[in-house]
Each structure stands twice: as structure tokens, then as C-alpha cells.
Amino acid sequence: MNIILLGPPGAGKGTQARRLVDERGMVQLSTGDMLRAAKSSGTEMGNRVAEVMARGDLVTDEIVIGLIEERLAGDTGGGVIFDGFPRTLAQADALEALLAKTGSAIDTAIEMEVDDEALVHRIVNRAKEAAAAGEPVRADDNAESLKVRLLAYYKQTSPLIGYYHAKGKLTSVDGLGEIDAVAQDIAAVLDGL
Ligand code: ADP
């Protein structure tokens, strides 16, 4: 089973993806995590990526599609949760083509609905909590970058909601509830597939 978690920054995609990994043995492919790893590699590509991410803009399709292609060549055992990918229509088309090569496809894209005000609160709190715990604060978890990230979401990523809807592959869950409640809603979607 291959699913996409779709939603704005701060919607809780990473949190829910990690639960699915623990509970269902699925593999989480997070382009954000992969890019943060590339960033700390200190290579020229890593430095370029770091700048774009800190600003809140999207990294090029070519880079992220390359990362996903590499990972899909590995073991994807119990199915894949795509977290933060695809983020553009070009990425969605590329993903479909990559999966088709091995005779697989996306089963559903789960849209996590959260309003903007809640997103800003969550992200500002995440940054505060990390700082208080002495953990690294993400370079893009600040008010200025968040504005750019939200704009990128509405302009480039939210059209994917219509795209998967038109393919009959869109499901939506309320992302505003407690973590457990959202997890239950997602579980119900997966069990109904
Ligand atoms: P969030 O969902 O909270 O914005 P992510 O960790 O998914 O966080 O992404 C952080 C940043 O990494 C994005 O703002 C963007 O710069 C870059 N990024 C992640 N995934 C992609 C992607 N699929 N395409 C382009 N850029 C991406």
C-alpha cells in the first residue's frame, strides 16, 4: 500500500507518518528529512538546498525527484508513506511514472485539513519547545519563512488536492484533533481501502 500525506506545513504529516511506521511497518519517505540530511553533508548541493529551505521556498523538482527515485530502488516492504512529497504537479506525475515502473501506484492521498492559525501556533510552539530543550531549531521555523512556506503550499502544492480528487484518490481527515484522534481517522481510511 502506498499513500501520500498531503497538507500544509505544520499539519502533522511527519507525526502521523512515524506512527504508521511503528504500527504498520510501512516505510516513511520524507523529502524534508532527506533534504535536511543532504544539507548537513556540507556539499555544494547541500549548501544550495539549505539556503532555499531556510527561506521557505521549494527545492527544485529535479533534486527531490532524484532523491525519491533513489529511495524507491531500495526496500519498500510494507508500503510507503510519502510525507512532504509530491509538492508540485510535476512531482506528482513523476511519482506516478516511477511507481508504474514496478507495477505499483498510489492507493490514496490523505489530505490533513488544518486552518492557518493553528499552523502558525504549532510551528511557533515547536520552535519554542526545541529552543527550551536545547535542541536545534529548524532554520525555517520562524514567522518570515513560514509565510513563504504557506504561500508555496497554496500556490504549488494545494492544486494536488484537485489532482488526486479527479483521479478518485483523495481522502480527507480533520488534522485539528488530538494526535490519537487523527491517527484513528487515518487508520480508518487505510482499513477501508
Ligand atoms: P514542512 O512540511 O513542515 O514544511 P518539510 O520537512 O516537509 O516541512 O519540508 C521542509 C522544506 O524542505 C520545505 O519548505 C522545502 O524547502 C523543502 N522540501 C521538502 N520536500 C520538498 C519537495 N517535495 N519539493 C520541494 N521542496 C521540498
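So between Lys128 and Glu23, what do we pick up on full extension, going 0.36 nm a residue minus the alpha carbon distance? Could the numbers behind the result be given before it?
On the way: separation 105, 0.36 × 105 = 37.80 nm, distance 2.91 nm.
The Lys128-Glu23 span can extend by a further 34.9 nm.
State the percentage of accessible surface on the chain attributable to carbon and sulfur atoms; use a 1.4 Å probe and exclude ligands, DNA and RNA. Exposed carbon and sulfur together represent 52 percent of the surface.
Full extension of the chain segment joining Ala143 with Glu70 gains 23.0 nm, where the gain is 0.36 nm per residue of separation less the Cα-Cα distance. When Rg and the Kirkwood radius Rh are both evaluated on Cα atoms of region 58-192, their ratio Rg/Rh stands at 0.98. Three principal axis extents of region 121-193 based on alpha-carbon atoms, in descending order, are 43, 30, 16 Å. The GNM of the chain, with springs linking C-alpha atoms under 10 angstrom apart, assigns the highest mean-square fluctuation among Asp174, Asp33, Asp93 to Asp93. List the aspartates and glutamates whose Cα lies under 15 Å from the Cα of Lys147, skipping any in the same chain that are fewer than 8 positions away. Leaving aside aspartates and glutamates fewer than 8 places away in the same chain, those within reach of Lys147 are Asp57, Asp115, Asp116, Glu117. Here region 16-78 is treated as a Stokes sphere of Kirkwood radius computed over C-alpha pairs; at 37 °C and 0.692 mPa s its diffusion coefficient rounds to 256 µm²/s.
For the residue pairs Lys101/Lys167; Lys13/Lys155; Lys128/Lys155, alpha carbon separations beyond 21 Å are given by Lys128/Lys155.
Here is how the number arises for the chain: DSSP H runs of 4 or more residues each give -39500 (n - 2.57), the sum is divided by the residue count, and the result at 222 nm is -17000 deg cm²/dmol.
The values are calculated or read from the model by the stated rules, or taken from the named source; none is laboratory data. Fair warning: this is a prediction, and the values are worked out from it, not measured in the lab. Quick note on the areas: whole protein, heavy atoms, side chains included, nothing else; ligands and nucleic acids left out. Shrake-Rupley method; radii C 1.70, N 1.55, O 1.52, S 1.80 Å.
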